[in-house]
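This report refers to the structure that appears directly beneath it.
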Amino acid sequence: MAWPRRCVVVAIAVIGLLLFAAPARAQEASTTTSTTGPRLTTTSVEPSEGDGGGGGLSTGNKVVVLIVGLVVLALVLTVFTWRYWRATKPARASVAAGKSAPTV
């Protein structure tokens, strides 16, 4: 398999893993019970008008989107670097033919 094709396959595999990975479970706080006596406390909070009930991305989804964005940015920079390297690479034909490369 050619080198650029292999890189594309690896990039697609990494992006697929990031997109289809299951979200991590949140850690649950440990609870302790007291035997000194029952304490009944209730707390209720009324939602304000600005609290949309699930209208945005969760924190885990935001992290995944950020990671995918950074991977895409890295791939774009890699492609630009590779194209610049190919465009500025000295010709090998003159060296292979036995001609000396011009000195600057």
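The values are calculated or read from the model by the stated rules, or taken from the named source; none is laboratory data. Here the structure is a predicted model, which means the values were calculated and not measured. Neighbour counts are summed over all protein chains in view; Cβ atoms, including those assigned to glycine, are modelled from backbone coordinates with ideal geometry.
Within the stretch 56-74, track down each residue that is more than 16 Å from Leu19 (Cα to Cα) and at pLDDT 95 or above. Step through it out loud before you land on a result.
If we filter the stretch 56-74 for residues that are more than 16 Å from Leu19 (Cα to Cα), which is where we start, we get 56, 74.
Answer for the stretch 56-74, where residues must be more than 16 Å from Leu19 (Cα to Cα) and at pLDDT 95 or above: just Ala74.
Give the stretch 75-98 a look and list any residue that's at pLDDT 90 or above and surrounded by 10 or more Cβ atoms within 10 Å (Cβ to Cβ), or say none.
Within the stretch 75-98, Leu75, Val76, Leu77, Thr78, Val79, Phe80, Thr81, Trp82, Arg83, Tyr84 qualify.
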